[in-house]
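Encoded as structure tokens, here's the structure I'll be asking about.
Throughout, read-outs are computed from the coordinates displayed, never taken from laboratory work. Model, not experiment: these values are computed from the prediction. Cβ atoms come from the backbone with ideal geometry, glycine included; neighbour counts cover every protein chain shown.
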Amino acid sequence: MSWIKFLGTSGGRFVLINQLRKTGGTWLNLDDTSLLIDPGPGTLIRCHKSRPKLNPRNINGIILTHKHLDHSNDVNLMIEAMTNGGWDKKGVLFAPSDALDDDPVVLHHFRKKVDKVIKLEKNGEYNIGNICFKTPVKHIHGVETYGLNFFSKNNTISIISDTKYFEGLEDFYKGDVLIINLVMHKRKDHILHLDVLDAEKIISANKPKICIITHFGMTMVKAKPWEVAEKLSKTTGVKVVAASDGMQIDLDEYKK
């Protein structure tokens, strides 16, 4: 079975520091390959509190879309958990170069515990287990940031990580399942994140089979994400779901 579990749906510093939503990132299980994406603060706790419980030793790889704390804070801890304290050298870490080279968030001590450390880059293509994923374009954000396109036997999944909208963004993320980090309710030009109108434009252009919005900042939390999702469903004609902490999407079931 292939599925996505949202260990946390918090976005932005104020939702993070007040833990109005959890910051555990996303666990993707696709064709018997398990990937942990953006392990923010509390990821290990969210794995153990998950129902059913998720065992970090089952993770095949960890992906950082970028180095900001709400995406990377627990990366060293999750390497420790994935490798059984370093006794079982295994797994692959994927991260942008500035998360590894300049003021790194991944400590050298923990890099030795994984099989490989691979730097993400624009137009990158990567293989792990039974899946392939691509990083098609560099985002407009405060640090080096990439979105992700996953390809498996039966599914294509696009994750638009943090970015300011730019012309043609939607052209890079055509997955049947589209996941959008939707931090802002209304646009503020100086903040490098997507807002609801940006999401509406992307969803309307791409018409995925299902869209999941997540990574909510303070204005989105106040706007009630489930109500925003309902409005987006009506305006775009696409089923839009607001992720909640711990929510799991069965990738085989959604097609029905």
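Could you give the length gained by full extension between His108 and Lys201, i.e. 0.36 nm per residue of separation minus their alpha carbon distance, to one decimal place?
On the way: separation 93, 0.36 × 93 = 33.48 nm, distance 4.12 nm.
Taking 0.36 nm per residue and subtracting the Cα distance, the gain is 29.4 nm.
At 0.36 nm per residue, and after removing the present C-alpha to C-alpha distance, how many nm does the segment from Lys234 to Asn55 gain when stretched out fully?
Working: separation 179, 0.36 × 179 = 64.44 nm, distance 3.81 nm.
Between Lys234 and Asn55, full extension yields 60.6 nm more.
Order 67-79, 151-163 from most to least packed using the mean count of other Cβ atoms within 10 Å. Intermediate results must be reported in sequence, preceding the final value.
Numbers: 67-79: 22.4, 151-163: 20.5.
Taking the mean over residues of other Cβ atoms within 10 Å, the ranking is 67-79, 151-163.
Same structure again: With a cut-off of 8 Å between alpha carbons and a minimum separation of six or more residues, what is the relative contact order of region 3-244 in percent? List each step's numbers first, then the result.
On the way: 589 pairs, mean separation 35.8, N = 242.
Contact order relative to length: 15 percent.
Hey, with R₀ at 41 Å, roughly what FRET efficiency would Asp88 and Asn18 work out to, going by the Cβ-Cβ distance, to 0.05?
On the way: r = 36 Å, r/R0 = 0.88.
Step by step, r from the Cβ atoms, then E = 0.70.
Could you tell me which of rounded, prolate or oblate describes region 27-111, using a ≥ b ≥ c as the square roots of the eigenvalues of the alpha-carbon gyration tensor, with rounded for a/c under 1.5 and, failing that, prolate when a/b is larger than b/c and oblate otherwise? Walk me through the numbers before you get to the answer.
On the way: a/c = 1.61, a/b = 1.43, b/c = 1.13.
Verdict is prolate for region 27-111.
Sticking with this structure for a sec: Specify which residue in the list Ser97, Thr163, Ile131 is farthest towards the positive end of the charge dipole of region 85-186, using unit charges on the beta carbon of Lys, Arg (+1) and Asp, Glu (-1), about the Cα centre.
So the residue we want is Ile131.
Just for the chain, what percent of DSSP beta bridges are antiparallel, to the closest 5? Walk me through the numbers before you get to the answer.
Working: 25 of 49 bridges.
Bridges in the chain are about 50 percent antiparallel.
Okay, helix-only estimate at 222 nm for the chain: each DSSP H run of n ≥ 4 adds -39500 (n - 2.57), divide by all residues, round to 500 deg cm²/dmol; what do you get?
Values: 8 runs with 58 residues, N = 256.
One gets -6000 deg cm²/dmol as the mean residue ellipticity at 222 nm.
Continuing with this model, one more query. What's the local net charge at Lys134, with K and R +1, D and E -1, over the other residues with C-beta under 12 Å away? All intermediate terms of the calculation are to be shown ahead of the outcome.
Details: positive: Lys122, Lys174; negative: Glu121, Glu125.
Overall, the nearby charge balance is 0.
What shape does region 124-213 take by its C-alpha gyration tensor, where a ≥ b ≥ c are the square roots of the eigenvalues and a/c under 1.5 counts as rounded, a/b above b/c as prolate, and the rest as oblate? Don't skip to the answer; put the middle values down first.
Details: a/c = 2.41, a/b = 1.48, b/c = 1.63.
Oblate is the answer for region 124-213, as a/c is 1.5 or above yet b/c matches or exceeds a/b.
Based on Cβ point charges of +1 for Lys and Arg and -1 for Asp and Glu, what charge dipole magnitude is obtained for region 3-244 about its Cα centre, in debye rounded to the nearest 20? List each step's numbers first, then the result.
Values: 34 positive and 26 negative charges, 157 e Å.
Roughly 760 debye, rounded to the nearest 20.
Return the long-range amide H neighbours of Ser2 (sequence gap of 5 or more, or a different chain), with a cut-off of under 5 Å between placed amide H atoms.
Leu251, Asp252
Then there's this: Using all C-alpha to C-alpha distances in region 3-244, build P(r) with 10 Å bins and read off the rounded percent in each one.
Bins of 10 Å from zero give 8, 34, 39, 16, 2, 0 percent of pairs.
Subtracting the Cα-Cα distance from 0.36 nm times the residue separation, let me have the gained length for His48 to Leu69 in nm, one decimal.
Using 0.36 nm per residue and subtracting the Cα-Cα distance, I get 5.5 nm.
Under a point-charge model restricted to the Cβ atoms of Lys and Arg (+1) and Asp and Glu (-1), what is the dipole moment magnitude of region 1-95 relative to its Cα centre, in debye to the nearest 20?
Working: 12 positive and 7 negative charges, 65 e Å.
The dipole of region 1-95 has a size of about 320 debye.
Relative contact order of region 37-125: what whole-number percent is it, with Cα pairs under 8 angstrom and at least 6 residues apart? Write down the numbers at each step before the final one.
Numbers: 150 pairs, mean separation 25.4, N = 89.
Relative contact order for region 37-125 comes out at 29 percent.
Let me ask another. In Å and whole numbers, how far do the C-alpha atoms of region 145-184 stretch along each principal axis, longest first?
32, 19, 16
Using θ = phi - 60° and the Karplus curve 6.51 cos²θ - 1.76 cosθ + 1.60, what whole-Hz ³J(HN,Hα) does each residue of region 157-168 get, with Gly and Pro shown as x?
Couplings: 10, 10, 10, 8, 6, 4, 5, 7, 5, 9, 4, x Hz.
Same structure, new question: So, counting K/R as plus one and D/E as minus one, what does the shell of residues with Cβ under 10 Å around Val240 add up to?
+1
Using the number of other C-beta atoms within 10 angstrom as an exposure proxy, rank Trp27, Trp226, Trp87 with the fewest first.
Details: Trp27 24, Trp226 13, Trp87 8.
Listing Trp27, Trp226, Trp87 from fewest to most nearby Cβ atoms yields Trp87, Trp226, Trp27.
With 10 angstrom as the radius, rank Glu253, Glu121 by how many other C-beta atoms surround their C-beta, starting from the fewest. List each step's numbers first, then the result.
On the way: Glu253 10, Glu121 13.
Least crowded to most crowded, the residues run Glu253, Glu121.
Continuing with the same structure: Can you tell me how region 85-150 classifies by the Cα gyration tensor, rounded, prolate or oblate, using a/c under 1.5 as the rounded cut? If you can, show how the numbers build up before the last one.
Working: a/c = 3.18, a/b = 1.27, b/c = 2.51.
Here region 85-150 falls in the oblate category.
So for the chain, taking the charge dipole from beta-carbon charges (+1 Lys/Arg, -1 Asp/Glu), which of His185, Phe6, Asn60 sits furthest toward the positive end?
It is Phe6.
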